[in-house]
1. Out of (1) in contact with a helix residue (DSSP H, G or I) (Cβ under 8 Å, 6 or more places away or on another chain); (2) in a loop (DSSP other than H, G, I, E, B), the odd one out for Cys129 is which?
2. From (1) out of contact with any Lys or Arg (no Cβ under 6 Å at 6 or more places or on another chain); (2) over 18 Å from Gly357 (Cβ atoms); (3) buried (at least 17 other Cβ atoms within 10 Å of the Cβ); (4) at pLDDT 95 or above, pick out the condition that doesn't hold for Gln175.
3. Return yes or no: is Glu174 more than 17 Å from Ala226 (Cβ to Cβ), within 20 Å of the chain's Cα centre (by Cα) and assigned to a loop (DSSP other than H, G, I, E, B)?
4. Would you check if there is a residue in the stretch 389-402 being within 9 Å of the chain's Cα centre (by Cα) and within 25 Å of Arg101 (Cβ to Cβ)?
5. I need a count of the residues in the stretch 403-453 that are over 20 Å from Asp363 (Cα atoms), surrounded by 12 or more Cβ atoms within 10 Å (Cβ to Cβ) and of a type in the set (Gly, Ala, Ser).
6. With the structure loaded, tell me whether Leu370 is farther than 24 Å from Met278 by Cβ and either surrounded by 24 or more Cβ atoms within 10 Å (Cβ to Cβ) or not assigned by TED's automatic domain parsing to the domain that holds Thr298 (or both) or whether it fails that test.
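The values are calculated or read from the model by the stated rules, or taken from the named source; none is laboratory data. Every value quoted in this text rests on a predicted model; they were computed, and no experiment measured them. Here the Cβ positions follow ideal geometry from the backbone for every residue, glycine too, while neighbour counts run over all protein chains shown.
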Amino acid sequence: MLARKMIKRTEMMSCLLCKDAPCSAACPKMDTGTILRHIWFDNEDVAALSLPGIDPCTDCDGLCEKACVRPGEVPIRKLIERLEKEVRPLAEIQIPSEEDRLKCDLCGIPLENPFLLSSSVVASTYDMCARAFEAGWAGACFKTICSMDIHEASPRFSAITGDNGTILGFKNIEQLSDHTVEENMEIFRRLKKNYPTKFILASIMGQDEKEWEELARLCEENGAGAVELNFSCPNMMEGGLGSDIGQIPELVERYTRAAKRSTTIPVLAKLTPNVANMSPAAEAAVRGGADGVAAINTIKSVIGVDPLTYVSAPAVNGKSAIGGYSGNAVKPIALRFISELGQNQALQGRHISGMGGIETWRDALEFILLGAGSIQITTAVMQYGYRIIDDLKAGLNYYLAQRNIRSVKDIVGAGLDKVSASTDVLERDSVLFPAFDYDKCIGCGRCAISCEDGGHQAIRFVERKPKLDGKKCVGCHLCLLVCPMEAIRPAGKRINRE
């Protein structure tokens, strides 16, 4: 499971991960829809070990495939057969019977697992938070509370999608909670009463020191376990709010200190990625008394300029605006900032709550290894629903058990010494050549095209097979990345350039 991934999303791209999946209702033996979702979210071992008995599809006439909303397009029986024949025999352990390994904390406050909803529409009402808590989320960072009169634009979302319609990058021009402060405090009281073991992180935004102080006090009095200071929303109409604050360390320090004056619960500063370096703002937050930081918020963006109207998306009565970009596409940028914060000695001992493009347990693990002690998610929930918590927990728990890691807390920051802000540390005296797997190669020639026009002309295409010229190859591995069949892998050992 750790290094291999035998079944890819591309093998089930027609699957829509349906609500109340018809394939599950049609199958008398298993919850087929959940099995498919396990595959989609990188939990193929869990999927295989969840199969009932041996050869569950034997003597089956394919009721699941006939019931599919795309009949005949999703190879459900073939996928299940591969789970049975190829994946289950290689599973190193059984599915763990408990989830104690996932227990952690945020600034000393216990969390049943690291996964929280991030401040957004997915955590904006009592009902939504309650359903998320019932599903298994450890807590929620409630949509940013403010005293301003919020009126949202319509539409306010747009996206860049993959070939099957899956959202890769997501843009929003949404602002803060449109409920009054009093209404939100009532929601906090109800959540605290009905879900006392769940964690409420209250996101707030003030317009001056007095408001930051007052909002923090109210949130604590009404049940919040910690406060998150929104110094990073890119969509505020008025200047001097949101990401405008996060770009000025002096303001970050001032407003953090104001919030800390009125509350005894932990305070996190949510920082903007719309800067060259996040450390100045993070250090300012610590000087102001912050117990931790949260990152990243969305990245300022423009997408989808219409070639006829010249208006970018989302268009609102013929106009648009720069908005916040999120989704899996921003994960590499988020990880860069998390590693910066994790390596900053001024933040040692402070909690880092990580977010930005997380969909699967593997995504979450990458943030944890680079220093995040908790994980916040929005865009994946908007696309797939609260149900993704099942795979987030199952996948991370299985990984920890497989590696014999007693607690997720034991690996927070474990990868920080492997990443450097400078490429000067890299060894440059040897080459790792690519190796071709001719059993997988179908002779498309994509590797030769890319090497010829974007590399070092080191691949010859002979009788529809790639041949490597070791005298020209520099080991850049472009060919590995473009091969659609994954028929190219790194060679077994490095070769000295001399």
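1. The one condition Cys129 does not meet is (2).
2. Exception for Gln175: condition (4).
3. Here the answer is yes, as Glu174 does meet what is asked.
4. Scanning the stretch 389-402 turns up no residue that is within 9 Å of the chain's Cα centre (by Cα) and within 25 Å of Arg101 (Cβ to Cβ).
5. Qualifying residue count for the region: 6.
6. No.
Yes/no per residue for (1) surrounded by 13 or more Cβ atoms within 10 Å (Cβ to Cβ); (2) not polar (S, T, N, Q):
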| position | (1), (2) |
| --- | --- |
| Asn43 | yes, no |
| Ala47 | yes, yes |
| Leu51 | yes, yes |
| Asp55 | no, yes |
| Thr58 | no, no |
| Cys64 | yes, yes |
| Cys68 | yes, yes |
| Pro71 | no, yes |
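Table: residues versus (1) without any contact (Cβ under 8 Å) to a residue 24 or more places away in the chain; (2) more than 19 Å from Phe133 (Cβ to Cβ); (3) buried (at least 19 other Cβ atoms within 10 Å of the Cβ).
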{"position": "Lys192", "(1), (2), (3)": "no, no, no"}
{"position": "Ala202", "(1), (2), (3)": "no, no, yes"}
{"position": "Gln207", "(1), (2), (3)": "no, yes, no"}
{"position": "Lys210", "(1), (2), (3)": "no, yes, no"}
